[in-house]
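The values are calculated or read from the model by the stated rules, or taken from the named source; none is laboratory data. Bear in mind that the values here come from a model prediction, so they are computed numbers and not experimental data. With ideal geometry, Cβ positions are generated from the backbone for all residues, glycine too; neighbour counts draw on all protein chains shown.
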Amino acid sequence: MTTPTAPPTTAPTQTIQQGPTLTVTGPARDRFDEILTPDAIAFLTELHHRFANRRHDRLADRMRRRFEIGSGHDPQFRDDTRHIREDADWRVAGAGPRLEDRRVEITGPTDPKMTINALNSGAKVWLADQEDATSPTWQNVIGGQLSLRDAIRGELSFTSAEGKTYEVTAEETPTIVMRPRGWHLVEKHLTFVDRTGRSMAASGSLVDFGLYFFHNAKALIDNGRGPYFYIAKLESSEEAKLWDDVFTFAEEYIGIPHGTIRATVLIETLPAAFEMDEILYELRDHCAGLNAGRWDYIFSIIKNYRGRGARFVLPDRSEITMTVPFMRAYTELLVKTCHKRGAFAIGGMSAFIPNRRDPEVTQSAIEKVSADKKREAGDGFDGTWVAHPDLIPTARAEFDAVLGDRPNQIDRQRDDVHVQASDLLDLRIGRPITSAGVRGNVSVAIRYIEAWLRGLGAVAIDNLMEDAATAEISRSQVWQWIHQDRSTDDGTRITPEHIEELITEVLANATRSAGDRFDDAAEIFREVSLGTEFPAFLTLSAYSKFLVEED
């Protein structure tokens, strides 16, 4: 009798999960190792492990919301969060140490020279901008972190190529509020691999926030200040909640008290304007206030309503002032909402800048900035932005006239303001599209993009300080005017062929030099203004195509 042979046994396959990793793929440069330390990379890895998937979910929500608005569903104040808006008892954390008086804030990129100029400016606050005023080259991203690290420790100096030395000489420097990139932007010089082996570019938001916070939070606290941030491009309270959870985890990670971080949120998207209360509520333990990010707000209006018909077509960019109905409603609602919750309301940036070689230009800039800041202070804003140190006295004078010795006017309630959803969507301006306006959009967008490709994020163009928002408005208007079959007031149809003629004109009139990027800039402009599809942000494809470096 034969005994059956037992079938061979096979050990069950085991899946060995690897821990998440974050790898630097950008080239190493002088002193980069002081920022990209093993401990800092470990912190960034943990941030991505915990929050990268939620970031992707929130970005998917944005796409759905844009589709809904484009399909005819206007945004409304949310029914499911009505209880938050109607609860009169809750308040935000408010000012942190040395953030109580914000009457004049200067904005600018974080390269060494601009950092020193900002710290010597005499402003109350410096918005250290890693977002729209910074072209996200690898050098700018990590070099900006080095500038901030050195400045916070009193070690920053800079010598220009011409041999001029810049140093921080001010006895009292502005409080630094750092602005990381928005949730939509990536950092392709760092690669995150999650526990399943899925690989993705790092989040620009988490990289900028994480490196600055990890290296500087305790030093800032020791200096009597704190880790303070401007949060850009939010579109919902769920996105605010994601930031709040990032802040809470970061505080626990390095062992500082909950609520040490303070964030000021830019209300610069249309959906966020309908959720100001909710955004403050979700960030309440970490929130200092809101800012009226006027230029990106205009871009958001155009982006969301670009296909909704003639009623939603805006005229020349220069005609979209802060006194037109929808901008007036948005800013008044912001002040009312902030002061009801004990939050700062910070005004926007007037783009006019002085020209030290042209007294007439300078005088015009001062008059326009003075009028802008007088309106903001009178409306109840607690502070405002300027882009040039020479404008600080002008802005300060208008806020001093209202505030006097008080650090702010948060106690001023705007119970006279009653903004409805329809007010935020009242786009009537009653002005035409002009040939000069179309030509100006093409010219400014191409010139800005050209500078951005060379690593410059804040650029003086035609006596205005422009950043990425300017290019976004300009190219979005061109796209909308073409697709809505608009004509200028002199009867010129705005067609792709007409825009191509203007591109040729701009390139012919450009001051060309070795190494300029005008041809690349024109290529990008064509892609984002003449294509059938509307890219959500021009910087996304431009960054991937032109700014990513290989190690």
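Points worth noting:
- You will find that of Lys241, Lys233, the residue that is touching a helix residue (DSSP H, G or I) at 6+ places or on another chain (Cβ under 6 Å) and of a type in the set (Lys, Arg) is Lys241 and no other.
- Among the residues of segment 150-181, the one identified as closer than 15 Å to Thr110 by Cβ, of a type in the set (D, E, K, R) and in a strand (DSSP E or B) is Arg179.
- Segment 449-493: number of residues that are touching a strand residue (DSSP E or B) at 6+ places or on another chain (Cβ under 7 Å) and either surrounded by 23 or more Cβ atoms within 10 Å (Cβ to Cβ) or assigned by TED's automatic domain parsing to the domain that holds Thr321 (or both): 1
- Scanning segment 417-459 for residues that are of a type in the set (S, T, N, Q) and either touching a His at 6+ places or on another chain (Cβ under 7 Å) or not in a loop (DSSP other than H, G, I, E, B) (or both) yields Ser422, Ser435, Asn441, Ser443.
- Conditions (1) of a type in the set (Lys, Arg); (2) in a loop (DSSP other than H, G, I, E, B); (3) at pLDDT 95 or above: number failed by Arg195: (3)
- When each of Thr37, Thr25 is tested for being modelled with pLDDT of 95 or more, in contact with a strand residue (DSSP E or B) (Cβ under 9 Å, 6 or more places away or on another chain) and over 30 Å from Gln484 (Cα atoms), the lone residue that passes is Thr25.
- Residue, farthest from the chain's Cα centre (by Cα), within segment 460-486, restricted to residues that are among the acidic types (Asp, Glu) and outside any helix (DSSP H, G or I): Asp485
- Close pairs (6 angstrom Cβ cut-off, 6 or more residues apart or separate chains): farther than 22 Å from Ala343 by Cβ and charged (D, E, K, R) in segment 403-432, assigned to a loop (DSSP other than H, G, I, E, B) and modelled with pLDDT of 95 or more anywhere: Arg431/Pro315
- Condition broken by Pro535, with the remaining ones in (1) free of Cβ contacts under 8 Å to residues at least 12 places away in the same chain; (2) in contact with a helix residue (DSSP H, G or I) (Cβ under 8 Å, 6 or more places away or on another chain); (3) closer than 17 Å to Gly455 by Cβ satisfied: (3)
Matching residues to (1) in the same structural domain as Ile302 (by TED's automatic domain parsing); (2) among the polar types (S, T, N, Q); (3) under 17 Å from Gly455 (Cα atoms):
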{"site": "Pro496", "(1), (2), (3)": "no, no, no"}
{"site": "Thr504", "(1), (2), (3)": "no, yes, no"}
{"site": "Thr511", "(1), (2), (3)": "no, yes, no"}
{"site": "Asp520", "(1), (2), (3)": "no, no, yes"}
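- Number of residues in segment 17-42 that are touching a residue at least 60 places away in the same chain (Cβ under 8 Å) and either out of contact with any Gly (no Cβ under 9 Å at 6 or more places or on another chain) or assigned to a loop (DSSP other than H, G, I, E, B) (or both) equals 18.
- Annotation note: of Thr196, Thr175, the sole residue that is more than 26 Å from Asn304 (Cα to Cα), among the polar types (S, T, N, Q) and touching a strand residue (DSSP E or B) at 6+ places or on another chain (Cβ under 7 Å) is Thr175.
- Glu235, sole failed condition from (1) in a loop (DSSP other than H, G, I, E, B); (2) more than 19 Å from the chain's Cα centre (by Cα); (3) closer than 30 Å to Thr137 by Cβ: (2)
- When Asp390, Asp372 are checked against the criterion of being acidic (Asp, Glu), in contact with a Pro (Cβ under 7 Å, 6 or more places away or on another chain), assigned to a helix (DSSP H, G or I) and free of Cβ contacts under 8 Å to residues at least 60 places away in the same chain, a single residue qualifies: Asp390.
- Residue within segment 524-536 that is outside the structural domain of Gly309 (by TED's automatic domain parsing), within 18 Å of Phe299 (Cα to Cα), of a type in the set (Ser, Thr, Tyr) and in contact with a Phe, Trp or Tyr (Cβ under 8 Å, 6 or more places away or on another chain) present: yes
- Here Ile524 fits the description: surrounded by 13 or more Cβ atoms within 10 Å (Cβ to Cβ), within 24 Å of Val186 (Cβ to Cβ) and out of contact with any strand residue (DSSP E or B) (no Cβ under 8 Å at 6 or more places or on another chain).
- Checked against the criterion of being out of contact with any Leu (no Cβ under 7 Å at 6 or more places or on another chain), assigned by TED's automatic domain parsing to the domain that holds Glu332 and under 23 Å from Ile176 (Cα atoms), the candidates Asp379, Asp390 yield just one match: Asp390.
- Selection within segment 346-360 - touching a strand residue (DSSP E or B) at 6+ places or on another chain (Cβ under 8 Å) and free of Cβ contacts under 8 Å to residues at least 60 places away in the same chain: Gly347, Gly348, Ser350
- For Arg428, the test of being within 26 Å of the chain's Cα centre (by Cα) and of a type in the set (Lys, Arg) is failed.
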